[in-house]
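See structure below.
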Amino acid sequence: MSDPALFKDRQEAGEKLAQAIIAQGPAQPTVYALPRGGLPVAVPVARQLQCPLGVVVAKKITEPKQPELAVGAVTSDGHVLWLEHKPAWMKKAHLLRRMALEQAYQKAQAQFAQLTTNWSQPDPAGTTAILIDDGIATGMTMAVAVQALRQQQPIEVWICVPVAPQGLLRSLQELADQVVILATPEPFLNVSRFYQAFPQVEIEEALACLRYLEG
C-alpha cells in the first residue's frame, strides 16, 4: 500500500493552507487555532494574512469506559455540544453524563489558562474568524468551537483545515460561512496518517506559536 502522507509536517500544511485561504480573500481576518495541534498550522496562516492569532479551546466529552469515543464537546467558556444520537448510558446515567462534562470542561479551562496567562486573546467581533486545526476526524470539537466564536459576533466564521473526511464536508459547510479543506481522502481513519511527521505539540511549542509576532 502506498504512503498516504500528504504533508511533511504541520508547518508545511499551514503554509499550503494559507495560500488556499488567501485565494478566497477573507475580509479583516483573525486566525483562531484549536490547540495544541492546530497552532503550528495556524502560525503560517496568521503570518501570511498579517493578522492576530488566538485560540479556541475545546475538549471532547468522552464515555467513561471508552475514553477515545467522543459523545460531545465543550469549550473553555462553557459552550456544550452533544451527539445527536446519544448512547444508552447517557440516557440513563445522568450523573455520569454530568461528570463527563465537568471533567472535559475543567480540562478546557485549564488549558486556556495555561495558554493565555501572559497573552491577550484577540476579539473576533467585526472580523472574519478563521478557525484552524491540523485536521478533522469527527468534527465535534470544531463544531462547538464555531458555536463559541459565533457568540462573539464576527462577520463570518470560516473552517480551514488541511485534511478532513469527505463525509463531513456537507455538515461543515452548514456550520461555517466558508470551508477551506486541502484534501478529503478516503478511507480516512485518522488525521495523523496524512502527515510524515505528527509529534505531539508540547506546551512550550504552543506558547511559542502564540508569540509568533515577536519573531
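The values are calculated or read from the model by the stated rules, or taken from the named source; none is laboratory data. Every value quoted in this text rests on a predicted model; they were computed, and no experiment measured them. Here Cβ is always computed from backbone atoms with ideal geometry, including for glycine, and neighbour counts include all displayed protein chains. The accessibility values were calculated without ligands, DNA or RNA, using every heavy atom of the protein model including side chains. Shrake-Rupley method; radii C 1.70, N 1.55, O 1.52, S 1.80 Å.
What does the accessible area per residue of segment 1-44 come to in Å², with a 1.4 Å probe and no ligands, DNA or RNA counted? The partial results should precede the final answer.
Working: 1920 Å² over 44 residues.
Value for segment 1-44: 44 Å² per residue.
Out of the total accessible area of the chain (probe 1.4 Å, heavy atoms of protein only), what percent is carbon and sulfur?
On the way: 5410 of 10960 Å².
Solvent-exposed carbon and sulfur of the chain make up 49 percent of the total.
Work out which trypsin sites (Lys or Arg not before Pro) in the chain are exposed loop sites (DSSP not H, G, I, E or B, at most 15 other Cβ within 10 Å) and give the longest gap free of them. Segment 66-210 is the longest. Would you mind classifying segment 77-172 by shape? Square roots of the alpha carbon gyration tensor eigenvalues, ordered a ≥ b ≥ c; an a/c under 1.5 is rounded, otherwise it is prolate if a/b is larger than b/c and oblate if not. Taking the square roots of the gyration eigenvalues as a ≥ b ≥ c, segment 77-172 is oblate. Under 5 Å between amide hydrogens, built in the peptide plane, is the criterion, and for residue 54 it picks out 31, 32, 33 among residues at least 5 positions away or on other chains. The modelled label-to-label distance for the pair residue 186/residue 95, using points 7 Å beyond Cα in the direction of Cβ, is 4.4 nm.
Let me check I have the definition right: for segment 132-215, take the eigenvalues of the Cα gyration tensor, multiply each by 5, take square roots. What are those semi-axes in whole Å, largest first? Please list the in-between numbers first.
Details: eigenvalues 97, 85, 21 Å².
One finds semi-axes of 22, 21, 10 Å for segment 132-215.
Were the residues from residue 19 through residue 178 laid out at 0.36 nm apart, the gain over their Cα-Cα distance would be 55.7 nm. Going by the alpha-carbon gyration tensor, a ≥ b ≥ c the square roots of its eigenvalues, is segment 1-58 rounded (a/c under 1.5) or, if a/c is not under 1.5, prolate (a/b greater than b/c) versus oblate? Here segment 1-58 falls in the oblate category.
If both residues of a DSSP beta bridge must be in the chain, then about 30% of such bridges are antiparallel.
Comparing Cα centroids, segment 117-164 and segment 3-54 end up 12 angstrom apart. Mean sequence separation of contacting Cα pairs (under 8 Å, at least six apart), scaled by the length of segment 1-156, corresponds to a relative contact order of 29 percent.
With a cut-off of 13 Å, note down the residues of segment 5-33 whose backbone N falls inside the zone around a label point 7 Å from the Cα of residue 50 toward its beta carbon. So the set is 28-29.
Potential lengthening of the chain between residue 152 and residue 123 amounts to 9.7 nm, from the contour at 0.36 nm per residue minus the alpha-carbon distance.
Annotation for residue 80 and residue 138: the two label points, set 7 Å from Cα along the Cα-Cβ direction, are 1.6 nm apart.
In the calculated pair distance distribution of the chain, what percentage of Cα-Cα distances lie above 30 Å? Let's see the in-between values first.
Numbers: 4371 of 23005 pairs.
Looking at the chain, the distances longer than 30 Å represent 19 percent of pairs.
The count of lysine pairs in the chain whose Cα atoms are under 17 Å apart, excluding pairs fewer than 8 places apart on the same chain, comes to 7.
Under the classification rounded if a/c is under 1.5, otherwise prolate if a/b is larger than b/c and oblate if not, where does segment 135-181 fall, given a ≥ b ≥ c as square roots of the Cα gyration tensor eigenvalues? Here segment 135-181 falls in the prolate category.
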